[in-house]
Amino acid sequence: MFSTDSSKDQHSGGVSRRRFLQWSAAAGAAAMLPFGMARARNELTMLSWYGHAEPEVIGAFEEKYNVKVRAKYYVGGDQMLALLAQSPPGTYDVILSDAEFVEQLRIANYVERLDPSDYPFDDYFAEFQEYPAHWHEGDLYSVMLRFGYLGLSYNRDVLSASEASSYAAMWADKLRGRLGHFDWYLPNYGCISLYEGNPAPFDIDQPTWEAVAARTRTLKPQVAGYFDYGGVLGSLRSGQVAAVPGIGDWITGVLQRDGANVDTAIPEEGGLQWTESLSIARNASNPELAKQFIQYMTSPEGQVRTATMKAYPALLPTRSGWEALNRVNPDEAKRQGMVFGARNALTLLREGRITPRRLPVQQSIETWNEAWSSYKNL
């Protein structure tokens, strides 16, 4: 039922020919940017998740540097890599990616090596100054922009905070037919792996992985559907689903703005960290402008804008970002826990209750993805 191919290039440490062809096929079906190869010096092109090139985020940068940011939005790391595989060199200047895909970007030669002295790492909290996913053999390839935690998001009219304190709540009778899934294998299996007692949820041997996949399949009677970003928002807002594992405040924070009675718990078994990072694309047409963009987005002003992005909020890795957010938007700083003293947004991380999300280590990406597809089709 599951692939057990253990050849090195099939695992997350390499880019397999099969995976490259899958990326290429996916990109062929995706709409490409209308970017011409001849580009103005005052134009920055970016490949990113939705929301990062909206006016409330990058408008001040455009005005300051008299430039235009043009973005291609993608959904998911596989689609990002597919678009890069099909794009001529120089199509993009900046790539925003999830941290776990930076290694793939480096191996595929899609990003440039960066000079750490160009970026304000002294301003980063200690946990993020040398974030492992962004470095390889002492070289830097990506700069952390923002992050957040994933656990169990739930409707507070259905589950209590106490009930949501364990992933075991997903099997409760009251959630039969009311459990939703964000349709991506990585955060779902990561949470189930934590529930199974694996402290390194993505670095597990084959018998342990098979136990995680089997435990996940027992959730099938509970499941109302598998949703994309908009579908998760809509189903939680409407009450169609009452709980969703593997998501966090990046979803429930948006809904709370609209008055929805939802929240995200980090269960006693632990949670995951998602991380978004900025890289300069290999053969970028405007590499200096790309560097200035990363510098702006990691400045206090840029950090406030990304933390409060309308599409989905996030936590910040810089001290000055926290300080600026507390000055200009103290309510949001308090809501997200970006406050100094006592317990705050870093406490869970420092207590060891948060594990970085990453690609599977001992199995191939295909193994986990194919298992997820099989689960959906039960």
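Observations
- Scanning the stretch 89-117 for residues that are assigned to a loop (DSSP other than H, G, I, E, B), of a type in the set (D, E, K, R) and open to solvent by less than 20 Å² (accessible area, probe 1.4 Å) returns a single hit, Asp93.
- Exclusive hit being part of a loop (DSSP other than H, G, I, E, B) and either surrounded by fewer than 16 Cβ atoms within 10 Å (Cβ to Cβ) or touching a helix residue (DSSP H, G or I) at 6+ places or on another chain (Cβ under 7 Å) (or both), set Ala345, Ala324, Ala371: Ala345
- Looking across Tyr185, Tyr229, Tyr167, Tyr195, one residue alone is in contact with an Asp or Glu (Cβ under 6 Å, 6 or more places away or on another chain) and within 22 Å of Glu100 (Cα to Cα). It is Tyr195.
- Comparison of Ile95, Ile58, Ile107 shows that the only residue that is farther than 23 Å from Thr298 by Cβ, modelled with pLDDT of 95 or more and among the aliphatic types (A, V, I, L, M) is Ile107.
- Cβ pairs under 6 Å, 6+ apart, first in the stretch 130-150 and among the polar types (S, T, N, Q), second open to solvent by less than 30 Å² (accessible area, probe 1.4 Å) and modelled with pLDDT of 95 or more: Ser142/Val102; Ser142/His134; Ser142/Ser277; Ser142/Ser279
- Residue ID - nearest to Pro317 (Cα to Cα), chosen from residues in the stretch 283-307 that are open to solvent by 20 Å² or more (accessible area, probe 1.4 Å) and either free of Cβ contacts under 8 Å to residues at least 24 places away in the same chain or β-branched (Val, Ile, Thr) (or both): Val304
- Looking across the stretch 129-151, the residues that are buried (at least 19 other Cβ atoms within 10 Å of the Cβ) and not in a strand (DSSP E or B) come down to Tyr131, Ala133, His134, Tyr141, Ser142.
- Taking the numbered list (1) over 22 Å from the mean Cα position of the chain (by Cα); (2) in a helix (DSSP H, G or I) in turn, Gly197 passes all entries but (2).
The values are calculated or read from the model by the stated rules, or taken from the named source; none is laboratory data. Here the structure is a predicted model, which is why all the values come from computation and not from measurement. Methodologically, a virtual Cβ is constructed for each residue, glycine included, from the backbone with ideal geometry; neighbour enumeration extends over all protein chains shown. Side chains included, ligands, DNA and RNA excluded: accessible areas come from the protein's heavy atoms. Shrake-Rupley method; radii C 1.70, N 1.55, O 1.52, S 1.80 Å.
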